[in-house]
Amino acid sequence: MDESNQSWGKSSPSKRESSFLEGPKARVAEFLSVFRIAMEFLRGFRGLHFIGPCVTVFGSARFAVDHRYYKLAEGIGFAIANLGFTVMTGGGPGIMEAANRGAKNRGGLSVGCNIKLPKEQQPNPFLDKWIEFDYFFVRKNMLMKYSYAFVALPGGFGTLDEIFEALTLIQTGKIKDFPVILMGVDYWAPMLEFMRAQLVGQQAIHQTDLNFITMTDSIDEAIDVIKTASIKKFGLQFTRANRPEWILGEQ
């Protein structure tokens, strides 16, 4: 088959995402994609520069307010804020809303990094500040960049993606000794057993790699892990926050 005049690509519900994933394009179009991505990073950096040290909470958007996982997320959000951290989430409903709600109830700062989806995800009503992103990889960078610990409650593909992104960065030394706390023991235990039996058993990872993970339903235990990692190990001190620079148009 003569491919000299053939084009190739992939389709996506998002026009911008589809354009980005289509494969080779004109150099000007590629440059514009890079420029849009860079501007999205810059907007995220500017918007989150003054939020202070964070703990990021991951979890499903699908659990209702009366679900026990929602209540657990609300409790850990409250406790994280009580420790003095900003609570950061993906900004949507379900577990994310619960964690932001807990932080808000404690009087702490509550922040969301929302993502534009074909079925639009609306920011939850318990956010003091939120930023909306087009690209998942930019959003994930923001969720990682400002946090001293990651707490994951039950969730689906997106939550698993975020958990293993964090674990990969820790395992490869890109970020060091940051705790990953899995809450909802009955939900996560089969996954941990699979990791021990298959990933460790087949030598795809080392046994010590599982030390990055704490699995618990105890809010007190989770907070102790965060304290040890962020305050004792990293020497975090809560001091006066960065101040906006009027010359940069910051407020």
Q. Across the stretch 102-127, what is the total count of residues that are within 20 Å of A149 (Cα to Cα), in contact with a strand residue (DSSP E or B) (Cβ under 8 Å, 6 or more places away or on another chain) and of a type outside the set (S, T, Y)?
A. 10
Q.
Cβ-Cβ distance below 8 Å, separation of 6 or more or different chains: which pairs start in the stretch 106-133 with a residue that is touching a residue at least 60 places away in the same chain (Cβ under 8 Å) and farther than 21 Å from G52 by Cα and end on one that is of a type in the set (D, E, K, R) and part of a strand (DSSP E or B)?
A. K116/E132
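Kindly provide the set of residues from the stretch 78-109 that are of a type in the set (A, V, I, L, M, F, W, C), out of contact with any Pro (no Cβ under 9 Å at 6 or more places or on another chain) and part of a loop (DSSP other than H, G, I, E, B), ordered by number. So that I can check it myself, show each step before the final result.
Filtering the stretch 78-109 down to residues of a type in the set (A, V, I, L, M, F, W, C) leaves 78-81, 83, 85, 87-88, 95-96, 98-99, 103, 109.
Subsequent filtering for residues that are out of contact with any Pro (no Cβ under 9 Å at 6 or more places or on another chain) retains 78-81, 83, 87-88, 96, 98-99, 103, 109.
Residue satisfying the conditions is L109 alone.
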Q | Positions within the stretch 105-128 being among the basic types (K, R) and modelled with pLDDT of 95 or more, in sequence order | A | R106
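Only residues that are assigned to a helix (DSSP H, G or I) and not charged (D, E, K, R): list them for the stretch 201-223, please.
First, pick out the residues of the stretch 201-223 that are assigned to a helix (DSSP H, G or I): 207-212, 219-223.
Result: Q207, T208, L210, N211, F212, I219, A222, I223.
Do you know which residues across the stretch 37-67 are of a type in the set (F, W, Y) and out of contact with any Phe, Trp or Tyr (no Cβ under 8 Å at 6 or more places or on another chain)? Talk me through it step by step, then tell me what you get.
Within the stretch 37-67, the first condition is being of a type in the set (F, W, Y), and the residues that meet it are 41, 45, 50, 58, 63.
Residues satisfying the conditions are F41, F45, F50.
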Q: Please list, ordered by first then second residue, the pairs with beta carbon atoms under 6 Å, 6 or more apart or interchain, first in the stretch 198-223 and under 17 Å from T168 (Cα atoms) and free of Cβ contacts under 8 Å to residues at least 40 places away in the same chain, second aliphatic (A, V, I, L, M) and assigned to a helix (DSSP H, G or I).
A: I205/L199; Q207/V200; T214/V225
Q | Given (1) hydrophobic (A, V, I, L, M, F, W, C); (2) loosely packed, with under 15 Cβ neighbours inside 10 Å; (3) touching an Asp or Glu at 6+ places or on another chain (Cβ under 9 Å), number of the condition F194 does not satisfy | A | (3)
Q. Name the pairs whose Cβ atoms lie under 9 Å apart, with the first residue in the stretch 25-42 and without any contact (Cβ under 8 Å) to a residue 24 or more places away in the chain, the second part of a helix (DSSP H, G or I), and 6 or more positions between them or separate chains?
A. K25/S19; K25/S33; A29/S19; S33/R16; S33/S19; S33/F20
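The values are calculated or read from the model by the stated rules, or taken from the named source; none is laboratory data. Just so we're clear, the structure is a prediction, and the values are computed from it rather than from any experiment. Every residue, glycine as well, gets a Cβ built from its backbone with ideal geometry; the counts of neighbours run over all protein chains shown.
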